Amino acid sequence: MNTKRLIPDSFTCANLLCGAMATFMATQGAYMWAFGLILLGAFFDFFDGMTARALGISSKLGIELDSLADDITFGIAPAMALFCYLRPLLGWWSAIVLLMAAFSALRLAKFNLDERQTSSFIGLATPANAIFWASLCCMPYQMMTAAWMPWVLVALSLLSCYLLLAEIPFFSLKFHNLSWKDNSDKFLFLIGAVVLVAFCIFEAIRYQHLEFGLAAGAAVILWYVTLNLLFAALTRKQ
């Protein structure tokens, strides 16, 4: 057996374990831990692909394993976190949000078969969707000041299900050069992301609430989605 093949697969398995632990933490109400583990899973997910390319390794096993790990970390874990977060407020109606796990699986299967998604994405990537929801679940219940607010989150979860499979182009953060002309969308995103993260950290320090700092994850992903939808609308007009 070529031991080099074990390196990217080890990163993939680490991603899977992070997703399993994040799911467990969500059931215990430890949403910050769940968020942290999903971020760690995203770190491992990035490095499994990077090491596979660096070592010149490609295998059907690795592709299948990667999708299974991603569905746990970026599908089941955030869906379970949102379900557990909303259940005290909505009861079993909160089970609606578990649809995200199924749509994430469909998104990953579509990605494996879609040859258009080599340098960009068609539909919202599952890691981005997972980071948004895991970050949002860290917000204290005191922010749910109106009875309709939990239902807004349910509606947004259904919207995210649509975005996962939508025929809408989403840029990736892979840079082939540093030209503004070729990467204007990425640079705009990064500039906005830095501003949003700085603002959330400032608010966390100001009000001495760590949750405001963690909200940076949701804010950055919301900015990413908004920017892509804007670019898609401008492209259609042209």
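Mind checking which of 99, 231, 127 is farthest towards the positive end of the chain's charge dipole, using Cβ charges of +1 (Lys, Arg) and -1 (Asp, Glu) about the Cα centre? Farthest along the dipole direction, towards plus: 231. For residue 201, the solvent-accessible surface with a 1.4 Å probe is about 80 Å², rounded to the nearest 10. Each of the peptides 173-186, 133-146, 34-47 was scored by the mean count of other Cβ atoms within 10 Å over its residues; in descending order, highest first, they stand as 34-47, 133-146, 173-186.
For residue 167, the accessible surface of its heavy atoms amounts to roughly 120 Å² (probe 1.4 Å, protein chains only, rounded to the nearest 10). For the chain, the relative contact order comes to 19 percent (Cα pairs under 8 Å, sequence separation of at least 6).
Tell me whether the stretch 42-126 comes out rounded, prolate or oblate; compute the Cα gyration tensor, take square roots of the eigenvalues as a ≥ b ≥ c, and use a/c under 1.5 as the rounded threshold. Prolate, because a/c is 1.5 or more and a/b exceeds b/c. Here is how the number arises for the chain: DSSP H runs of 4 or more residues each give -39500 (n - 2.57), the sum is divided by the residue count, and the result at 222 nm is -24000 deg cm²/dmol. Across the stretch 59-137, the mean sequence separation of Cα contacts (distance under 8 Å, 6 or more residues apart), normalised by length, yields a relative contact order of 42 percent. The Cβ shell under 9 Å around residue 108 holds other residues with a net charge of -1, Lys and Arg each +1, Asp and Glu each -1.
Protein heavy-atom surface of the chain, 1.4 angstrom probe: 72% of the accessible area is carbon and sulfur, with nucleic acids and ligands not counted. Each Lys and Arg adds +1 at its Cβ and each Asp and Glu adds -1 at its Cβ; summed about the Cα centre, the chain shows a dipole of about 300 debye. Of all aspartates and glutamates in the structure, the ones whose alpha carbon falls short of 16 Å from that of residue 60, not counting any fewer than 8 places away in one chain, are 9, 48, 70, 114, 115.
The values are calculated or read from the model by the stated rules, or taken from the named source; none is laboratory data. Note that the coordinates shown come from a computational prediction; the quantities given were computed from them, not determined experimentally. Quick reminder, even Gly has a Cβ in these numbers, built from the backbone with ideal geometry, and neighbours come from all protein chains shown. Accessible surface areas use protein heavy atoms only, side chains included; no ligands, DNA or RNA. Shrake-Rupley method; radii C 1.70, N 1.55, O 1.52, S 1.80 Å.
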